[in-house]
Amino acid sequence: MTVSAARLSELLAPLVETAGADLEHVDISKAGKRSVVRVIVDRDGGVSMDDVADVSRVVSDALDELDEAEPSALGPSYVLEVTSPGVDRPLTAPRHWRRNVGRLVTVALHEGPNVTGRVLSADETEIVLDVDGEQRALPLTDVVRGTVQVEFSRKGEEEDA
């Protein structure tokens, strides 16, 4: 296996975009004699199973072409996994914040303590959180990353009986 994740990202990003999604991450690992190529994609509104299937076809075709042109690039064989980001993926780019409006998050800042609140809005320069009933704007330049908090029931919503 000679291909790097960075090179695959360069190859796959425009193809994933033509399929209507954003390439979030590419990871290559060994599993016995095989390589596992894990491709994480997302889009505004989330990705459906049909979206994953569409991206999988495009990525698979590109990897097959790469494998034919450079037989050692991916090793003797590879397995392709295309998935969406899980809730544990860090929020680092403006699009990540925009896609999580309404969610409870914990924000790690470059300076000062972490902040936990609900994302009210997000754009290319800042996020606005509801922190204990108060709106707090955070410039993205002050933010290291965010983490979505898993909520089994939201305060103020009726629980299913």
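The values are calculated or read from the model by the stated rules, or taken from the named source; none is laboratory data. Bear in mind the structure is a predicted one, so any value in this text is a computation, not a measurement. Cβ coordinates were reconstructed from backbone atoms using ideal geometry, including for glycine residues, and neighbour counts include every protein chain displayed. Surface accessibility is based on the protein's heavy atoms, side chains included, excluding ligands, DNA and RNA. Shrake-Rupley method; radii C 1.70, N 1.55, O 1.52, S 1.80 Å.
Counting Lys and Arg as +1 and Asp and Glu as -1, what is the net charge of the other residues whose Cβ lies under 15 Å from the Cβ of residue 71?
Within the 15 Å Cβ shell, the charges total -3.
Compute the long axis of helix 5-18 from its Cα atoms, compare it with the longest principal axis of the Cα atoms of the chain, and write down the angle in degrees, 0 to 90, nearest 10.
With rounding to tens, the tilt is 70 degrees.
Roughly how many nanometres apart are two label points built 7 Å out from the Cα toward the Cβ at residue 141 and residue 65?
In this crude label model, residue 141 to residue 65 measures out at 4.0 nm.
Using Cα pairs closer than 8 Å and at least 6 residues apart in sequence, work out the relative contact order for the range 1-143, in percent.
For the range 1-143, the relative contact order is 18 percent.
Which residue fluctuates the most in the chain, going by a Gaussian network model with Cα springs under 10 Å, if the choices are 124, 151, 24?
Answer for the Gaussian network model of the chain: 151.
Could you check which residue among 146, 32, 117 shows the biggest mean-square fluctuation in a GNM of the chain with a 10 Å Cα cutoff?
Of 146, 32, 117, the Gaussian network model singles out 32 as fluctuating most.
Counting Lys and Arg as +1 and Asp and Glu as -1, what is the net charge of the other residues whose Cβ lies under 13 Å from the Cβ of residue 137?
My count for the surroundings of residue 137 gives -4.
Compute the normalised compactness of the chain: alpha-carbon radius of gyration over 2.2 N^0.38 Å, N being the residue count.
That ratio works out to 1.25.
Multiply the residue gap between residue 150 and residue 53 by 0.36 nm, knock off their C-alpha separation, and tell me the result in nm, one decimal place.
Fully extending the segment from residue 150 to residue 53 adds 32.2 nm.
Output the relative contact order of the range 81-161, whole-number percent, from Cα pairs under 8 angstrom with separation of 6+ residues.
Relative contact order of the range 81-161: 32 percent.
Hey, any idea what % of the chain's accessible area is carbon plus sulfur with a 1.4 Å probe?
47 percent
Would you kindly find the accessible area of residue 54, with a 1.4 Å probe and non-protein molecules such as ligands, DNA and RNA excluded, rounding to the nearest 10 Å²?
About 70 Å², ignoring ligands and nucleic acids.
What is the distance in Å between the Cα centroid of the range 4-81 and that of the range 90-143?
Cα centroid to Cα centroid, the span is 30 Å.
What whole-number value in Å² describes the accessible area per residue of the chain for a 1.4 Å probe?
That works out to 60 Å² per residue.
Relative to the longest principal axis of the chain, what angle (0 to 90°, nearest 10) does the C-alpha long axis of helix 49-69 take?
With both axes taken from Cα atoms, the answer is about 40 degrees.
At 0.36 nm per residue, and after removing the present C-alpha to C-alpha distance, how many nm does the segment from residue 123 to residue 27 gain when stretched out fully?
31.8 nm
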